[in-house]
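Notes for the one structure printed next.
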Amino acid sequence: MGVGFFAPSLGRAAAAAPDLRREFKFSLFAPAERFFPQAPAGEQVMLQGVVDCCFTGPEGLTVVDFKTDHVRPSELQAHSEGYRGQLEGYAWALEQIFGRPVVRKVLWYFRLGRGWEL
């Protein structure tokens, strides 16, 4: 994590979290219809990923995905929407693994030094 990440409240919350995980690898089966609505009922898919950062807070988990994309501040919202599916998948997996809700999903853009919450 870059030094700039720790200045905003998100970074301070991560640093103070009782459970902070980086590069958290996971593999688990998921109902296919959760990610592919047209899939037949009962089908499963293998969901695998590496969560850049996740940490616990009083209400639940926060998942952070680090980005080095070149994006203008004016394009941040539209650009971030392209990552919604990825963060939704991470959030679902973390909820299954840890049994706690994901209450925040954040993209952290290093080049801009700021986050975007989905």
Which residue pairs have Cβ atoms under 6 Å apart, sit 6 or more places apart or on different chains, and have a first residue in the stretch 19-35 that is open to solvent by less than 40 Å² (accessible area, probe 1.4 Å) and a second that is modelled with pLDDT under 95 and not in a strand (DSSP E or B)?
Ala32/Ala39; Ala32/Glu43
Considering only residues that are of a type outside the set (Lys, Arg) and open to solvent by 80 Å² or more (accessible area, probe 1.4 Å), look in the stretch 2-15 and name the one that is modelled with the lowest pLDDT.
Val3
Go over the candidates Glu23, Glu33, Glu95, Glu88 one by one and state the one that is out of contact with any strand residue (DSSP E or B) (no Cβ under 8 Å at 6 or more places or on another chain) and not aliphatic (A, V, I, L, M).
Glu33
Residue, farthest from the chain's Cα centre (by Cα), within the stretch 80-96, restricted to residues that are within 14 Å of Lys25 (Cα to Cα) and among the small types (Gly, Ala, Ser):
Ala93
Which of the residues that make up the stretch 39-76 are among the hydroxyl-bearing types (Ser, Thr, Tyr) and either surrounded by 11 or more Cβ atoms within 10 Å (Cβ to Cβ) or closer than 12 Å to Val106 by Cβ (or both)?
Thr56, Thr62
For the stretch 1-88, give me every one of the strands (runs of 3 or more DSSP E) that falls completely inside it and has 1 or more residues that are farther than 21 Å from Val102 by Cα.
44-56
When you look at Thr56, is it out of contact with any strand residue (DSSP E or B) (no Cβ under 7 Å at 6 or more places or on another chain) and among the polar types (S, T, N, Q), yes or no?
yes
Residues of the stretch 97-118 that turn out to be farther than 21 Å from Ser27 by Cα, surrounded by 15 or more Cβ atoms within 10 Å (Cβ to Cβ) and aromatic (Phe, Trp, Tyr), as a count
3
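The values are calculated or read from the model by the stated rules, or taken from the named source; none is laboratory data. Here the structure is a predicted model, which is why all the values come from computation and not from measurement. Don't worry about glycine lacking a Cβ; one is built from the backbone with ideal geometry, like all the others, and counts go over all protein chains shown. What goes into the accessible areas is simple: the full protein's heavy atoms, side chains included, and nothing from ligands, DNA or RNA. Shrake-Rupley method; radii C 1.70, N 1.55, O 1.52, S 1.80 Å.
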